[in-house]
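Structure first, commentary second.
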Amino acid sequence: NLAPVPKWALIAMAVAVGVLFLLCLICIIRCCCGKKKPKKKERVSLCAISSSTTASLVQPEMEDLERCAEQTGRGKLQYSLEYNFRAQELKVGVKQAAELKAMDSGGTSDPYVIIYLTSDTKKRYETKVYRKTLNPVFNESFTFQVPQAEVLESTLVMQIYDFNRFAKHDIIGEVRLPLASVSLQHIIEQWSDLAAAGKVEEEQLGEICFSLRYVPSTGKLTVLILEAKKLKRMNSHGLSDPFVKVHLILNRRKWKKKMTSVKKNTLRPYFNEVFVFEVPFNQIKNVDVVISVWDHDKVTKNEPIGKLFLGCRATGNQLRHWSDMLSNPRRPLTQWHSLQPPDVVDKALGLKSHLKLPLPPR
């Protein structure tokens, strides 16, 4: 027969089982609760740290992911900048590109670079096209005439395109460098990542300042042409020979015209010339005043730089200026206006052509 188990042994076994059960229970509780604690701590800590750190800890929005995808994987561009203060020239060196995005089905691209300044979008340079490569070496340089006063207002744009003989050339990416953000006191050479191409800039034609004054009792409309600035460059030297025409349009037909003197070799002419027109009060609502800036040329035809018109049919700043003039008789009101493309203004005016008399029979 087996000897009876001592009472102390039974108590020891019960204590051991109890301790083992308690340890298992503690482990289960820690495993279950331990997963929730970090979430609570993370949620609390996010309120105390900066927004930039917060953004890196939380899941990004889909828009952010799409934006990141657009900005990355396009490659990078190496370039140099040198500004000659004496000659007022900006020399841009396009060195090389690396890790460009493959645009062709064969896993390569045919890259070339277009370079321009936002202050003169029509003056563009292009590098040679390099076939079937994602790491082209260009080593080409280009020179822009940029007056020192305009440097800080200009942005250098370098766009890399994939050449396609039978279709539209696809843009791989671009580098936009505001010249105000760099020091041009010394030569700059650096790499920049390519970004998605931005919107195409509207060509800047310039601005003009003039005053208007109308006296209803005498029917005198006074137009004082004061000055213009940031005019579009029209000749090879990066300047223009501007003058201003003032047209009066009555019932959509040309009526009266006067013009200023020509200012040579400048993009910021000062005129201070006044013109007075007879416009009876009963016709003032049917009149449009067209202000146009032209580039004078002795050899070829004068070219329009930009236009704008004022009157009851105008919009924006032009309509506001005209309304202020009518609301303040006898008081000259001065304002700056941005020039618009001539064809856009002509279309808005919708001028009627003069009736042509039939030729006499022979």
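The values are calculated or read from the model by the stated rules, or taken from the named source; none is laboratory data. Because the structure is predicted, anything quoted here is derived from the model rather than measured. Positions of Cβ are generated from backbone atoms using ideal geometry, with glycine treated the same way; all protein chains shown enter the neighbour counts. Ligands, DNA and RNA are stripped out before the accessible areas are found, and what is left, the full protein with its side chains, is counted by its heavy atoms. Shrake-Rupley method; radii C 1.70, N 1.55, O 1.52, S 1.80 Å.
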Quiz item: Taking square-rooted eigenvalues a ≥ b ≥ c of the alpha carbon gyration tensor, is the stretch 207-349 rounded, prolate or oblate, where a/c under 1.5 means rounded and, failing that, a/b exceeding b/c means prolate?
Solution: prolate
Quiz prompt | Most to least packed among 73-84, 205-216 [average Cβ atoms within 10 Å] | solution = 205-216, 73-84
Practice problem: Could you check the simple spin-label distance between Lys122 and Thr143, using points 7 Å along Cα→Cβ, in nm with one decimal? | Solution: 2.2 nm
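Ratio of the stretch 75-194's C-alpha Rg to 2.2 N^0.38 Å, to two decimals? Could you put the intermediate results ahead of the total?
Numbers: Rg = 14.7 Å, N = 120, 2.2 N^0.38 = 13.6 Å.
In units of the globular-protein estimate, the stretch 75-194 measures up at 1.08.
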Quiz item: For Asn282 and His296 in one chain, what is 0.36 nm times their gap in residues minus the Cα-Cα distance, to one decimal in nm?
Solution: 1.4 nm
Exercise. At 1.4 Å probe size, with no ligands or nucleic acids counted, give the accessible surface of Trp191 in Å², nearest ten.
Key: 110 Å²
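Rank these residues by their accessible area, most exposed first, probe 1.4 Å: Glu126, Glu140. Mind showing how you got there, number by number?
Details: Glu126 115, Glu140 40 Å².
Descending accessible area places them as Glu126, Glu140.
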Quiz item: Hey, rough spin-label estimate for Ser327 and Lys7, points 7 angstrom out along Cα→Cβ, what's it come to in nanometres?
Solution: 10.9 nm
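For Lys347, Lys122, write out the residues from largest to smallest accessible area, computed with a 1.4 angstrom probe and no ligands counted.
On the way: Lys347 170, Lys122 140 Å².
Heavy-atom accessible area, descending, gives Lys347, Lys122.
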Quiz prompt | Amide N proximity, the stretch 270-291 versus Asn251 label position 7 Å along Cα-to-Cβ, cut-off under 19 Å | solution = 278-290
Quiz item: Whole-Hz Karplus ³J(HN,Hα) for the stretch 76-83, in order, using 6.51 cos²θ - 1.76 cosθ + 1.60 and θ = phi - 60°, x for Gly and Pro?
Solution: 9, 10, 9, 8, 9, 10, 8, 10
Practice problem: Quick one: accessible surface of Val129, probe radius 1.4 Å, all protein chains present, in square angstrom to the nearest 10. | Solution: 60 Å²
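Once you order the gyration tensor axes a ≥ b ≥ c over the Cα atoms, which shape class does the stretch 278-318 get: rounded for a/c under 1.5, otherwise prolate or oblate by comparing a/b with b/c? Don't skip to the answer; put the middle values down first.
Working: a/c = 5.14, a/b = 2.10, b/c = 2.45.
Verdict is oblate for the stretch 278-318.
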Self-check item: Amide H contacts of Gly173 (H built 1.01 Å from N, under 5 Å, at least 5 apart or other chain)
Solution: Ile160
Quiz prompt | Amide N proximity, the stretch 170-184 versus Phe85 label position 7 Å along Cα-to-Cβ, cut-off under 16 Å | solution = 180, 182-184
Quiz item: Could you sort His237, His169, His186 by accessible area so the largest value comes first, with the probe set to 1.4 Å?
Solution: His237, His186, His169
